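**Q** Would you mind keeping the following structure in view while I ask a few things?
None of the figures in this text is laboratory data; all of them are computed from the coordinates on show. Just so you know, these numbers come straight off a predicted model, no measurement behind them. For neighbour counting, all protein chains shown are included, and Cβ atoms are generated from backbone atoms with ideal geometry for every residue, glycine included.
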There are 2 protein chains.
Amino acid sequence: MRADAERTVRTILEAAEQVLSADPAATMEQIAEAAGVARTTVHRRFATRDALIDALAAWATRRFAEAVDAVPVEDAPPVVALYQVTASVLEVKIGWGFGMTRASASPDPEVARVHADVQARCEQLFRRARDAGALRADTDLAWARRVYYALIHEASTGDDGKEPGVLATRVVDTLLRGFAAHPERAV
Amino acid sequence: MRADAERTVRTILEAAEQVLSADPAATMEQIAEAAGVARTTVHRRFATRDALIDALAAWATRRFAEAVDAVPVEDAPPVVALYQVTASVLEVKIGWGFGMTRASASPDPEVARVHADVQARCEQLFRRARDAGALRADTDLAWARRVYYALIHEASTGDDGKEPGVLATRVVDTLLRGFAAHPERAV
DNA sequence: AGTAGATGCATCATCAATGTTGCAAGTAGT
DNA sequence: ACTACTTGCAACATTGATGATGCATCTACT
C-alpha cells in the first residue's frame, strides 16, 4: 500500500470512531464526509460496513493495548500505576468510544484476545491495589472496574482541551475518594 | 383508546427502551418481536420510527420525573435525599437508557422542559449537599452530576435481580467514598 | 519523466427497512 | 349478543443505504 493510502485509512478510521460513537447508526456517507473523502474511497478500503467496523474495533483495541503496554505497571505502587495507565489511556484521544465496545465481540480472535488481555491487566491491577491495602478489603472488583471504565468514558467525552494528566487526576481522585467531605462517616 | 390497546402501547414502549438501549440502530421488526406483536401493530400506534422514539423519550422522561417527584427532597438532609432519589430512580427499571438520552433533544418542548427540570433538581440537590458540607467545598458540580448519572447507568445495566435499595446504596456509597481504604491520603 | 497506484465523480443494481392497505379473526365493553 | 375496536397476516410501494464499476485525474515512488 502506498503512503497516501495508508494515511487515508487512518483518517477514515478516526472519522469512523468519531462519527459512530456519536451515532452508531451513522451512514457510510457521513463517515466519508467526516473523513473528507468520497464514499467510494471508503468502500475501496473496506469492502463492507461490517469490515469497516471490525477494522475499527481492531484498530481501537491495538491503540488501547499500546497505551496500557506503555506503562510499566509492575514497577510502581498500584495507585501510581493506576494513575499512569489512566493518563496513558486518556492520551489516546478516541475515548472509550465505539471501537472498544465492539472489540469483545470481534470476529477476529486475535482482537478479542488482546481486548481480554487488557481487561485482565486492569482486573489484576485492581486486585493488587486491594491486596496492597490501597482499596478497601471488601471492594467488589468487578464493580470497581466498571466504575473505572465509566469514569474514563466520562472524562474522555466531556469538556475537551484538558491535559490528559489533569483528566487522569480527576478520574483517579474520584474513583478513590468520591466526593464526600468526610468519607469515613458518609454512609 | 381501549384498555388492551393501552397495554400494547406500554408493552411496545418498554420493548423499544430495552432493544434500542442495547442497539440504537435496531429495526422496527426487532422492537415488534421483543414486544411480542406484529410490526404492523407498532406502525399503527406510532406512525413513524421518529414518532416512536419521540414517544419513548416523552414516556421515559415522565417516568423519571415521577420517580424524582416521589421523593420529598427538601425535607431530608441532602445525603439522605440523594439516597432516596437514587433508589426511586433505580426502581424504574428502564435504566438510564435510550429514552432519557433523547429527552433533551425532544421536539416536544414540554418533554425538554420536564427533562431540564429534573436535571435542575439534581443540580440543586448536589449544591445543597455541598453547601451543607457533605461534599467537599471544591467539588465540581457538573462533574459530580455526570459521575452520578454514569453510576446510575452502570448500576441499572449490570447484574440485575438486585433490590433497588441495594443498588442505591452501592451507587451513593461509591459516589461519596470511592474505593480507597484511606481516602484522606489517597492522592 | 514514467508508471503504478490512488482518488473523485457519475452511475447503476441490489437490498433491507419503512410505511401503507385490505381483510379476516378475535376481544373489550355495552 | 351486539358492536366497535384491535390485532395478525399478507401484500405492496417507497425510500435510502450499500456495494460495484468505469473513467478521468492526480500523485507518490522509482
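**Q** What residue among A:112, A:57, A:168 has the largest mean-square fluctuation in a Gaussian network model of chain A, using Cα springs under 10 Å?
**A** A:112
**Q** For residue A:66 and residue A:105, calculate 0.36 nm times their separation in residues minus their Cα-Cα distance, and state this gained length in nm to one decimal. Each step should come with its number before you reach the end.
**A** Numbers: separation 39, 0.36 × 39 = 14.04 nm, distance 1.98 nm.
This chain segment gains 12.1 nm when fully extended.
**Q** Modelling each spin label as a point 7 Å along the Cα-to-Cβ direction, I'd like the residue A:47/residue A:6 distance in nm, to one decimal.
**A** Result for the modelled spin labels: 2.4 nm.
**Q** What number do you get for the protein assembly as shown when its Cα radius of gyration is normalised by 2.2 N^0.38 Å, N = residues?
**A** Numbers: Rg = 22.2 Å, N = 374, 2.2 N^0.38 = 20.9 Å.
Relative to the rule-of-thumb radius for its length, the protein assembly as shown sits at 1.06.
**Q** Something else now. Normalise the Cα radius of gyration of the range B:56-185 by 2.2 N^0.38 Å (N = residues in it) and let me know the number.
**A** Working: Rg = 14.7 Å, N = 130, 2.2 N^0.38 = 14.0 Å.
This ratio for the range B:56-185 stands at 1.05.
**Q** Using a Gaussian network model of chain B with C-alpha springs under 10 Å, which one of B:19, B:71, B:166 is most mobile by mean-square fluctuation?
**A** Result for chain B, Cα springs under 10 Å: B:166 fluctuates most.
**Q** Another question about this same structure. Across the residues of B:144-151, average count of Cβ atoms on other protein chains within 10 Å? Don't jump to the answer; show the numbers that get you there.
**A** Details: counts 3, 0, 6, 11, 1, 2, 7, 5.
Across B:144-151, the average partner-chain Cβ count within 10 Å equals 4.
**Q** Given H placed on each backbone N at 1.01 Å, which residues far from residue B:135 in sequence or on other chains put an amide H within less than 5 Å of it?
**A** Amide H neighbours of residue B:135, under 5 Å, 5+ apart: A:181, B:130.
**Q** So for the pair residue A:159, residue A:123, with labels modelled 7 Å out along Cα→Cβ, what separation do we get in nm?
**A** Output for this residue pair reads 3.7 nm.
**Q** What are the extents of the Cα atoms of the range A:101-169 along their three principal axes, listed from largest to smallest and rounded to whole Å?
**A** 39, 34, 17
**Q** Quick one: the Cα spread of the range B:1-47 along its three principal axes, in angstroms, biggest first?
**A** So the three principal-axis extents are 31, 17, 17 Å.
**Q** As a test of the formula, what do you get for chain B when each DSSP H run with n ≥ 4 contributes -39,500 (n - 2.57) and the sum is divided by the residue count, at 222 nm and rounded to the nearest 500 deg cm²/dmol?
**A** Calculated at 222 nm, the ellipticity per residue is -22500 deg cm²/dmol.
**Q** At what distance in angstrom do the alpha carbon centres of the range B:115-187 and the range B:44-101 lie from each other?
**A** 17
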